[in-house]
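Worksheet for the structure shown next.
Just so you know, all these numbers are worked out from the coordinates, no wet-lab data involved. Here the structure is a predicted model, which means the values were calculated and not measured. Note that we place each Cβ from the backbone using ideal geometry, even for glycine, and neighbour counts take in every protein chain shown.
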Amino acid sequence: MSISAPRYVQSTVARVGRPWRILAIVEREVVRRATWGPLFAVALTWLIVVLETVVNVYFATVTGGSIGAAFETPYNSVIWVLFLLIVTATVGAGSLADDIGSRSITLYLSRPLRISDYLTAKASAIGTWLLIAGVAPGCVAAAITAALGYVSASAALAAVAGCFAVGLPTAIFFTGVALALSSLTRRSLYAGVGIFGTVLALGVSVGVVAGITGNNDLLYADIATDVQSIGAAAFGLPSPYPTDPVASTVVLALTGCVLALLAWWRLGRIEVVGE
Amino acid sequence: MTGVVDAEAVTKRYGEVLGLNGFSATFGAGITGLVGPNGAGKSTLFRLLAGQLKPDVGRLTLLGHPSWGPGEFRRRVGYCPESPALLDWMTGNDFVTTLLRVDGFSRAEAADRSARAIAEVDLTTDGNRRLRVYSKGMRQRVKIAQCIAHDPEVLLLDEPLNGVDPVGRASLSALMKRLGGAGRHIIVSSHVLYEVERLTDQIVMIANGQAIAQGDLHRIRDLIDTHPHVIDLESSDPRALGRALGGWDHVVSIEFPGPGQLRVLTRSPDTFYASLPELVLTEGLSVRAVRSADDNLDAVFRYLAQERR
């Protein structure tokens, strides 16, 4: 008979796959950001989009105007982009910065979780908020107009598709902006100011430079022009904007993906150092 | 080397500051105490092991895997960071459950394990309160709960008893002993020697980013005892006491720092303490107080650090 020290063997319990592990973070992160700032911005976006759309569609049906133009109206305005920018800044600024600054990122990354998983979770949470703010009200407005009998079901479905066509690339772009700028700092305030400053400064400066030089290609760097261009095409209207809607869609989606990659690259090099 | 943790000349800098400076040690089975004063490099080592820092120089492995970066082997590791930062907007239960789900447990399994872990650290009644209202001791306990909830093979506990009340310390120490007794590998750090002494005899001492002693606690104490110890005495007649003590060959020097005070430097503190009562009785001397200025961890480190120079 021999005596030996016990050797611990971890119990084998079936584990769920990566998507479920990521979902655990997404759920918490979406709830975490449900504070007054984002909720107020989302509520205002809903109010503007739903009210504006329903009223415009009603008048379009009464006056025989263009239904597509009525659905497109909210996206034709800079206000919609501005509210999405507010949602991005309030929801996304602290997404990575808060975790890095407080070092609570350690609690996630000391587990079997890749940085890409963590980033996917964060991106999904920001994206969820942006879709709730950017796409959902348009869809609800379409459903309301159909329910009230202002438009046919097929017209409402076409409007829903239009909302996704505008909202998805915009959400991808803003998610990438939020991730990139949030990964660059440990303070969410700096990231928030950075998100606002970068997008607004870019829009204003390229508008000015494009006006002076007459080079309309520069306007691809202006998110508002891109959204308006995509919006017109998505709702079947002739585009008065100088940018091509397909190219604008690609620019927005690609920029968002590149910025998310930048955040991934940056996170891979971040060390969680003590105070 | 085949330890749970193998460190070979690991150096980590924070700009101009050295976190670890050629740290080499092997942490084997059972409970190992990592002891060192504040700023010695304990937390740096833990952060390196948790994959949050990358060694500048040297090789650091955990369970045979390079410590830097993610990996599935982290399923076998539980990490309780020193940092008080938690996911403060969550309740204690949600916190542990969420991290278990990140570990790959199903929602139901995570909830079940979370409840058990929360109960292990005596937080059941506070489990549904938000972490932001937890006291420091409660935060420490919930950190330990998330660390043990997934039944890890290796526990990295960075100052786990810091801020915990005496009753909590006793119960957490008992928990650690029980986990260690069941065969888990536990690396626990503290800057308070007696806390670690109560948990284990296996010690790694760290100072200035280097392992200055490793092994059985008693051997380390013996090593310390080869150095002269400072002992302060108070007496109504310190000069008479000094004359009597001057006859002992292990007494290196005697000073009179103040009225009624005597400071003795001895090479053999055990002999000193054993012989002092008899001397006092036979010579009729007065001794009001005896204090060892070296009976603390700082002194131990001072000695060992001097030894290395």
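Here are a few things to note about the model shown:
- Theoretical gain in end-to-end length, B:ASP249 to B:VAL192 [0.36 nm per residue, Cα-Cα removed]: 17.2 nm
- You can think of it this way: the chain between A:SER116 and A:VAL13 has 34.6 nm of extra reach, that is 0.36 nm per residue less the Cα-Cα gap.
- Residues of segment A:37-54 with amide N under 14 Å of a point placed 7 Å along Cα→Cβ from A:ALA147: A:50-51, A:54
- Screening chain A for whole DSSP H helices of 18 Å or more along their axis (Cα) with average Kyte-Doolittle hydropathy at least 1.0 returns A:36-63, A:153-183, A:188-213, A:245-269.
- Whole-angstrom gap from segment A:80-106 to segment A:125-153, using each part's C-alpha centre: 25 Å
- The mean count of C-beta atoms from other chains within 10 Å of the C-beta of residues in B:151-157, rounded to a whole number, is 2.
- Gaussian network model of chain B, Cα within-10 Å springs - most flexible of B:THR61, B:THR44, B:THR124: B:THR124
- Selected from A:ILE105, A:ILE115, A:ILE212 as most flexible by GNM, with chain A as the system and alpha-carbon contacts under 10 Å: A:ILE212
- Compared with the direct C-alpha span, the chain from B:LEU265 to B:SER286 gains 5.6 nm at full extension, assuming 0.36 nm per residue.
- Using a Förster distance of 35 Å, the FRET efficiency for B:ASP112-B:VAL133 (Cβ separation, nearest 0.05): 0.90
- Annotation: the residues B:THR26, A:THR225, sorted from fewest to most other C-beta atoms within 10 Å of their own C-beta, follow the order B:THR26, A:THR225.
- Span from the segment A:205-258 Cα centroid across to the segment B:248-280 one, whole angstrom: 87 Å
- Working note: 222 nm ellipticity from helices only, DSSP H runs with n ≥ 4, each -39,500 (n - 2.57), summed and divided by the residues of chain B, gives -11000 deg cm²/dmol to the nearest 500.
- Shielding by partners, peptide B:92-99 (average Cβ within 10 angstrom, other chains): 3
- Sequence-separation-based contact order of chain B, relative, with Cα cut under 8 Å and 6+ spacing, percent: 19 percent
- Fluctuation leader among B:ILE186, B:ILE231, B:ILE118 - chain B, Gaussian network, Cα springs under 10 angstrom: B:ILE231
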